[in-house]
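Novice: Can you read through this structure? Questions will come right after.
The values are calculated or read from the model by the stated rules, or taken from the named source; none is laboratory data. Treat the numbers as computed from the prediction; the structure is a model and nothing was measured. Here Cβ is always computed from backbone atoms with ideal geometry, including for glycine, and neighbour counts include all displayed protein chains.
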Amino acid sequence: MTESSNDKLKSLIKYASENSLFYQKMFANNGIDPLSISDASDLSKLPFTTKDDLANFNNDFLCVPKNKVADFVTTSGTLSEPVTFYLTQNDLDRLAFNEASSLQCAGGTSDDIYQLMTTIDKRFMAGLAYNLGINKMGAGIIRVGPGAPYLQWDSILRFSPTVLIAIPSFIPKLLDYARDNNIDFKSSSIKSIVCIGEPIRNSDFSFNELGKRITSQWDVKLYSTYASTEMGAAFTECTAGNGGHLNPDLLVLEVIDDEGNLVENGAVGEVVVTTLGVEGMPLIRYKTGDLCNVHYDACACGNKATRLGPVLGRKQQMIKFKGTTIFPLAIFDVLDMMEEVSIYQVEISKCEFGNDNIAIILPKELDNAEFGSKMNHLFKSKLRVTPNYKYLTEQELSLKIFKEDKRKPEKLIYV
Ligand SMILES: [Zn+2]
């Protein structure tokens, strides 16, 4: 850790202990002197901050009067009620710096034109962050938003953007649309895609099925990025594609095992962050619930900052199915292997004895014995389980997955 990161950590701890009701209580209740925290290794003296803390004491985290709040956002609340995040003007500047550095890490320059295929409104932080970051780096932006393949291609042909910022599972649909409408996507202006919200790689950095599905059809470079509202920062891949780089100016990262100890190089653990330089709602040792492999060794690009591999899943999302533990991502990966499957939803239901049931909802056209046995075979060989299947018309299923009020396609639901 550089000296400046240490200084930033000390100021953050002092600031939170003076201005956040939640952290004032945390230091007092645990009898800890905030000044005793002088570098990252001292953080282990402090308790973790959990998602429940944020949800139960949301406003106690706010460090400024309401009239200093410049932007109000909420988390997406995949597994719980959304939590409010308050950003000051300084936080927006921090977000712009974060995203500009991230996009530069992914090979971006001021000559690039970015097509933003994610929501910029609906209380969403990411879309705003990209917009601010692209402005800051002096590049161009076309704010198309999610979905709308016609408008996406119209913008690509009209303005010749060089980079897409998109949820990767939308890209195969975009290519299908191009094919159906005789758009020559292979000679388009797009050189790379910054993939948000979903992993495109396996833990060994090879492409997963979704990554392969995109790159086998289209000669573009894919960059993974992992971020969250709580972190207000992103781990983005460089051109080496060996995991997302930590920005040590913005976060202190700990990757921990079940006992709260740091895991070794290459091992899997839960991502815990302390947010440096945040003014509105700083977080100390926040447990994200996300499980990743951590890499402390220097990257091929020469950057020594710690890297995170793809998110393997959320701790709470581990599925116990017929004696096996599975992450939803592994199920998506099997489904993405099958060309016939254009859309799907995975439905998890809890049953007795802590076991879960898995049902895959698919378009009606696929309800035939031949495809059923192909799918069973693939699930058995890849995951050693056979899930249940349900069928809906493509339109019904599409409405269930791409909901107006949701930011990401709902590929996974709990019933
Ligand atoms: Zn690198």
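Novice: Grab the helices (runs of 4 or more DSSP H) fully contained in the range 1-56, keeping just those with 1 or more residues being within 26 Å of the chain's Cα centre (by Cα) and over 26 Å from V83 (Cα atoms).
Specialist: Helices (runs of 4 or more DSSP H) meeting the threshold: 3-19.
Novice: Let me ask another. Filter the range 127-151 for residues that are under 22 Å from G107 (Cα atoms), part of a helix (DSSP H, G or I) and in contact with a helix residue (DSSP H, G or I) (Cβ under 8 Å, 6 or more places away or on another chain) and give the result.
Specialist: Answer for the range 127-151, where residues must be under 22 Å from G107 (Cα atoms), part of a helix (DSSP H, G or I) and in contact with a helix residue (DSSP H, G or I) (Cβ under 8 Å, 6 or more places away or on another chain): L128, A129, Y130, L132, G133, I134, N135, K136, M137.
Novice: Would you confirm whether any residue within the range 1-19 is within 26 Å of Q316 (Cβ to Cβ), among the β-branched types (V, I, T), touching a residue at least 40 places away in the same chain (Cβ under 8 Å) and surrounded by fewer than 17 Cβ atoms within 10 Å (Cβ to Cβ)?
Specialist: Checked the range 1-19: no residue is within 26 Å of Q316 (Cβ to Cβ), among the β-branched types (V, I, T), touching a residue at least 40 places away in the same chain (Cβ under 8 Å) and surrounded by fewer than 17 Cβ atoms within 10 Å (Cβ to Cβ).
Novice: Restricting attention to the range 256-275, does a residue exist that is modelled with pLDDT of 95 or more, crowded, with 21+ Cβ neighbours inside 10 Å and outside any strand (DSSP E or B)?
Specialist: no
Novice: Taking the stated definitions as given, is A330 farther than 30 Å from K10 by Cβ, within 16 Å of the ligand (Cβ to nearest atom) and either among the small types (G, A, S) or not in a loop (DSSP other than H, G, I, E, B) (or both)?
Specialist: No.
Novice: Return yes when L283 is without any contact (Cβ under 8 Å) to a residue 40 or more places away in the chain, crowded, with 19+ Cβ neighbours inside 10 Å, away from the ligand (no atom under 16 Å from the Cβ) and aliphatic (A, V, I, L, M) and no when it is not.
Specialist: Answer is no for this residue.
Novice: Could you count how many residues in the range 69-97 are crowded, with 16+ Cβ neighbours inside 10 Å and farther than 18 Å from L128 by Cβ?
Specialist: Of the residues in that region, 1 qualify.
Novice: K304 - would you say it is surrounded by fewer than 21 Cβ atoms within 10 Å (Cβ to Cβ), under 19 Å from the mean Cα position of the chain (by Cα), of a type in the set (K, R) and within 16 Å of the ligand (Cβ to nearest atom)?
Specialist: Judged against the criteria, K304 is not a match.
Novice: Kindly indicate the residue of the range 167-187 that is among the small types (G, A, S) and farther than 15 Å from L151 by Cα and also modelled with the lowest pLDDT among those meeting that condition.
Specialist: Once the filter is applied, the top-ranked residue is S169.
Novice: Would you check which residues across the range 279-290 are at pLDDT 95 or above and more than 16 Å from L246 (Cβ to Cβ) and list them?
Specialist: Result: E279, G280, M281, P282, I284, K287.
Novice: So which of E365, E370 ends up being within 21 Å of S169 (Cα to Cα) and out of contact with any Pro (no Cβ under 7 Å at 6 or more places or on another chain)?
Specialist: E365
For every residue, the table says whether it meets (1) under 22 Å from S4 (Cα atoms); (2) away from the ligand (no atom under 16 Å from the Cβ).
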| site | (1), (2) |
| --- | --- |
| K212 | no, yes |
| T236 | yes, no |
| L251 | yes, yes |
| V263 | no, yes |
| G269 | no, yes |
| G277 | yes, yes |
| C292 | no, no |
